[in-house]
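Input: a single structure, listed below in C-alpha cells.
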Amino acid sequence: MDGMKSVWGIRPDQIPQRVEQDNEPKPRAKRAKKPRRCFVILPCHWMDQLQNAQHVVTFKVALHLLRESFVTSTNEIALSTVCLRAMMVGHSKARAHTELEELGLVTVERHRRRSPLVRLHHLD
C-alpha cells in the first residue's frame, strides 16, 4: 500500500491526522455594545423659554439638567465641568447657567471653588 493512491490522487500519508483537543470552548468574539438609548422629557414651559435663549450652550446645559433631574429624581443638581465636558461645553458653563437663571428656569447657588448647585423650576 506504499505506492497506493486514492481516488483523488492523494497518498494516505498526505492526509492530515485529526488532533484531539481539550473540550474547552473557544472564546467568543465580543459583541459591540449597542448605543444606550436615552431621552429627555422637555416641559412645554422650558421649550417656550428656551426659544428666547441667545447661546447654543444654554440648550445643551438645559438638556443635561433635565436628563439628570429625570435620572436622579431630584430638582437639585451639582453642575460640574466634568459631566459637561462630553457635551463640549467647557468654559461656557457660567454663561449657560446665568442665561437659564435669567429665563426663570433655574436658580443657581454659586460656591467658591465648587460646582454650582442648580435648582430646576417649572417641571410640573
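The table that follows gives values for the structure above.
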read-out	value
Segment 77-119, residues that are in contact (Cβ under 8 Å) with a residue 40 or more places away in the chain, farther than 11 Å from VAL61 by Cβ and in contact with a Leu (Cβ under 6 Å, 6 or more places away or on another chain)	ALA78
Among (1) surrounded by fewer than 18 Cβ atoms within 10 Å (Cβ to Cβ); (2) touching a helix residue (DSSP H, G or I) at 6+ places or on another chain (Cβ under 8 Å); (3) at pLDDT 90 or above, the one test that VAL57 misses	(1)
Of the criteria (1) surrounded by 13 or more Cβ atoms within 10 Å (Cβ to Cβ); (2) over 20 Å from the mean Cα position of the chain (by Cα), which one GLY104 fails	(1)
Conditions (1) at pLDDT below 90; (2) not in a loop (DSSP other than H, G, I, E, B); number of the one not met by LYS30	(2)
Criterion violated by ASN23 - all others in (1) at pLDDT below 90; (2) under 21 Å from the mean Cα position of the chain (by Cα) satisfied	(2)
Extreme residue, modelled with the lowest pLDDT, among residues of segment 64-83 that are farther than 16 Å from VAL108 by Cα and not aromatic (Phe, Trp, Tyr)	CYS83
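The values are calculated or read from the model by the stated rules, or taken from the named source; none is laboratory data. Here the structure is a predicted model, which is why all the values come from computation and not from measurement. Glycine gets a Cβ as well: all are built from the backbone with ideal geometry, and neighbour counts include every protein chain shown.
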